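Right, one structure below, let's go through it.
The values are calculated or read from the model by the stated rules, or taken from the named source; none is laboratory data. Note that this is a predicted model, so its numbers are computed, not measured. Cβ placement follows ideal geometry from the backbone for every residue including glycine, while neighbour counts extend to all protein chains displayed. Accessible surface is based on the protein model in full, side chains and every heavy atom, while ligands, DNA and RNA are left aside. Shrake-Rupley method; radii C 1.70, N 1.55, O 1.52, S 1.80 Å.
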Amino acid sequence: MKTIIEPFKIKSVEPIHFTTREQRIEILKQAGYNPFMIHADDVLIDLLTDSGTSAMSSKQWAGIMDGDESYAGSKSFYRFEEAVKKITGMKFIIPTHQGRAAEKILFTITGGKGKYFPNNTHFDTTRANVEFTGAEAIDLLVEVGKHPEIRADFKGNMDIAELRKFIIKTGKENIPLCMITVTNNSGGGQPVSMQNIKETKSVCDEYNIPLFIDACRFAENAYFIKMREPGYENKTVLAIAQEMFSYADGVTMSAKKDALVNIGGFLALNNEELAMKCRNLLIVTEGFSTYGGLAGRDLEAVAQGLEEIVDEHYLQYRIRSIEYLGEKLVAAGVPIIEPPGGHAIYIDAKRFAPQIPQEQFPGQSIVSALFIEGGIRGVEIGSLMFGKYDSYGKLIPPPMELVRLAVPRRVYTQSHIDFVLEIIIEVFKKRSTLKGYKIVYEAPMLRHFTARFEEIG
Ligand code: F0G
């Protein structure tokens, strides 16, 4: 097997900024030890997110120039609509400025007090948009997905037996829709199998509950199906994606991931009445139904990105580069979610820094150390992002404490990845010196974005 190379050459470059260790210690302190508060110019390799951070292709940039900025009926909308229809097969395509805007519209219409939304795992904005309406967001991930150390092919699957139990207990009339997130971002970017999507659909059908797919990383998921699920090895990624969506009644998508753009999203639906309600709300909150909070040029870039994302040379390189980083980390003994998912490496903070109790945010401590050692920015996905408080104010921790290092699409090269590897291993060697953190400020919702910390001891 030859080296899998980046399937592109570079036409435009952007310098990255070097800082000293002393500078980074001060920068982090000023930021309240919250990576969201660091100026991006002070980051050397930014693995905060794979969202909106893709490098666009020359054809996407050409599309930017070609965008039609008509208020209504822009030709860019029709190109966008066709591209989304080709992949999802949905009848009604509603552009939004990003994923959470699609979620906001969908849950404002379907949610409310007394309603429940099951999902394999809700992403934080999905959960927040469900909860904002007074409804409850329920995670029903398969057991194996909660164990970082166990290797399995489809750790993002929905627990079908639990879903059925949940529907019976809750009453189908209280469940406006069921969702499945591909890949499962909050659970390690792990894929969902076709079999599991089919079984989820069949349970939903039994109780007449529509199935929605949160499709942010649909192409990465489809590629994993091709690699791992018997019967799909000879199908194209496009055909696999089309089959995945054929089991859905609706789709929300942040185009900032697998549509390779810096902004954009959509809601795609089969139900005309729901589509009408969503469009009406879209016009109030986002814009007219042929631009939905985007410029015509953005719609062009999404349409082009959706064509490029199903390219299998791209996906092979994409999945391999994450796998490569994962393999080397495992060889060095660094505990990560295994096998690595599609867009990120997730360090298992509980095993990495076992001396730090969950209420002192072990993940946050690793995030800080990676920045100080190498100017690398990652993000905690654990008690900070998903922790709740009980009535005594004691932390109710989520099942996993993770640090996500998300890799932007088409942005970094192999030597950047090798550098990241060296820094993680360096921090791992010093892991016994890592200290816990306490929160000194937090917002009532999505606190991880703005919280401030102090180091303990
Ligand atoms: N659903 C999933 C699975 C996501 O990962 C995200 C965003 C969204 C919905 C919301 O989309 O940002 O366009 O509003 N995830 C980013 C991340 C922010 O870093 O993982 P958005």
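Since THR125 meets every condition but one in (1) away from the ligand (no atom under 16 Å from the Cβ); (2) on the phi < 0 side of the Ramachandran plot, which condition does it not meet? Evaluating THR125 over (1) away from the ligand (no atom under 16 Å from the Cβ); (2) on the phi < 0 side of the Ramachandran plot leaves (1) as the failure. Residue count for the range 156-212 under the criterion of being touching a residue at least 60 places away in the same chain (Cβ under 8 Å) and β-branched (Val, Ile, Thr): the result is 6.
Out of the residues in the range 258-277 that are open to solvent by 40 Å² or more (accessible area, probe 1.4 Å) and within 22 Å of the chain's Cα centre (by Cα), which is nearest to the ligand (Cβ to nearest atom)? Here the residue is ILE263.
Looking at the range 390-407, can you tell me whether even one residue there is part of a strand (DSSP E or B), touching a strand residue (DSSP E or B) at 6+ places or on another chain (Cβ under 9 Å), open to solvent by 20 Å² or more (accessible area, probe 1.4 Å) and modelled with pLDDT under 95? Yes: one or more hits. In this structure, LEU281 does satisfy being away from the ligand (no atom under 16 Å from the Cβ), closer than 12 Å to ALA101 by Cβ and either open to solvent by 30 Å² or more (accessible area, probe 1.4 Å) or touching a residue at least 12 places away in the same chain (Cβ under 8 Å) (or both). Which one is least open to solvent (accessible area, probe 1.4 Å) among residues in the range 29-50 that are out of contact with any strand residue (DSSP E or B) (no Cβ under 7 Å at 6 or more places or on another chain) and not aliphatic (A, V, I, L, M)? Out of the qualifying residues, it is ASP42. Going by the structure shown, is THR53 at pLDDT 95 or above, of a type outside the set (A, V, I, L, M) and in a loop (DSSP other than H, G, I, E, B)? Criteria met by THR53. Residues considered: ASP68, ASP46, ASP41. Of these, the only one that is farther than 22 Å from ARG297 by Cα and away from the ligand (no atom under 16 Å from the Cβ) is ASP41. Just to be sure, is PHE428 under 24 Å from SER186 (Cβ atoms) and away from the ligand (no atom under 16 Å from the Cβ)? Taking the combined requirement at face value, the residue satisfies it.
Out of all the residues in the range 229-257, which are open to solvent by less than 10 Å² (accessible area, probe 1.4 Å) and more than 10 Å from the ligand (Cβ to nearest atom)?
VAL237, ILE240, ALA241, MET244, PHE245, ALA248, GLY250, VAL251
Taking the stated definitions as given, is MET276 in contact (Cβ under 8 Å) with a residue 60 or more places away in the chain and in a helix (DSSP H, G or I)? Full working, then the answer.
Details: in contact (Cβ under 8 Å) with a residue 60 or more places away in the chain: no; in a helix (DSSP H, G or I): yes.
Considered against the rule, which asks whether it is in contact (Cβ under 8 Å) with a residue 60 or more places away in the chain and in a helix (DSSP H, G or I), MET276 comes out as no.
If you take the residues in the range 417-457 that are of a type in the set (Lys, Arg) and not in a loop (DSSP other than H, G, I, E, B), which one is nearest to HIS39 (Cα to Cα)? Lay out the reasoning, then the answer.
Narrowing the range 417-457 to residues of a type in the set (Lys, Arg): 429-431, 435, 438, 447, 452.
Keeping just the survivors that are not in a loop (DSSP other than H, G, I, E, B) gives 429, 431, 438, 447, 452.
Working: LYS429: 28, ARG431: 26, LYS438: 22, ARG447: 19, ARG452: 15 Å.
Filtering the range 417-457 for residues that are of a type in the set (Lys, Arg) and not in a loop (DSSP other than H, G, I, E, B), the one nearest to HIS39 (Cα to Cα) comes out as ARG452.
Condition first: within 16 Å of the ligand (Cβ to nearest atom) and either at pLDDT below 95 or more than 13 Å from ILE337 (Cβ to Cβ) (or both). Now tell me which residues in the range 150-188 satisfy that. Before the answer, list the steps.
Our first condition is that a residue be within 16 Å of the ligand (Cβ to nearest atom); within the range 150-188, this holds for 155-158, 177-188.
ASN157, MET158, LEU177, CYS178, MET179, ILE180, THR181, VAL182, ASN185, SER186, GLY187, GLY188, listed by residue number.
What number goes with the only condition from (1) on the phi > 0 side of the Ramachandran plot; (2) surrounded by 22 or more Cβ atoms within 10 Å (Cβ to Cβ); (3) out of contact with any Ser or Thr (no Cβ under 9 Å at 6 or more places or on another chain) that GLY189 does not pass? The number of the failed condition is (3).
Please determine, by comparing only the residues of the range 372-389 that are aliphatic (A, V, I, L, M) and in a helix (DSSP H, G or I), which one is surrounded by the fewest Cβ atoms within 10 Å (Cβ to Cβ). Reasoning before the result, please.
Keep residues of the range 372-389 that are aliphatic (A, V, I, L, M), which gives 372, 376, 379, 381, 384-385.
After this cut, where a residue has to be in a helix (DSSP H, G or I) as well, the list is 372, 384-385.
Working: ILE372: 17, LEU384: 23, MET385: 23.
Out of the qualifying residues, it is ILE372.
Can you name every residue in the range 182-211 that is within 10 Å of the chain's Cα centre (by Cα) and either in a helix (DSSP H, G or I) or more than 18 Å from SER246 (Cβ to Cβ) (or both)? Talk me through it step by step, then tell me what you get.
If we filter the range 182-211 for residues that are within 10 Å of the chain's Cα centre (by Cα), which is where we start, we get 182-189.
Result: THR183, ASN184, ASN185, SER186, GLY187, GLY188, GLY189.
Quick check: is even one residue across the range 3-14 outside the structural domain of GLU380 (by TED's automatic domain parsing), within 16 Å of the ligand (Cβ to nearest atom) and either open to solvent by less than 70 Å² (accessible area, probe 1.4 Å) or not hydrophobic (A, V, I, L, M, F, W, C) (or both)? Checking the range 3-14: not a single residue is outside the structural domain of GLU380 (by TED's automatic domain parsing), within 16 Å of the ligand (Cβ to nearest atom) and either open to solvent by less than 70 Å² (accessible area, probe 1.4 Å) or not hydrophobic (A, V, I, L, M, F, W, C) (or both). Within the range 51-67, residues that are open to solvent by 60 Å² or more (accessible area, probe 1.4 Å) reach partners that are within 16 Å of the ligand (Cβ to nearest atom) with beta carbons closer than 9 Å, at six or more positions or on different chains, in the pairs TRP61/ALA301. Taking the conditions exactly as written (under 24 Å from the mean Cα position of the chain (by Cα), assigned by TED's automatic domain parsing to the domain that holds LEU329 and more than 18 Å from PHE371 (Cβ to Cβ)), does LYS388 satisfy them or not? Spelling it out, LYS388 is indeed under 24 Å from the mean Cα position of the chain (by Cα), assigned by TED's automatic domain parsing to the domain that holds LEU329 and more than 18 Å from PHE371 (Cβ to Cβ). Of everything in the range 212-228 that is in a helix (DSSP H, G or I) and closer than 24 Å to LYS91 by Cβ, the residue that is farthest from the ligand (Cβ to nearest atom) is ALA222.
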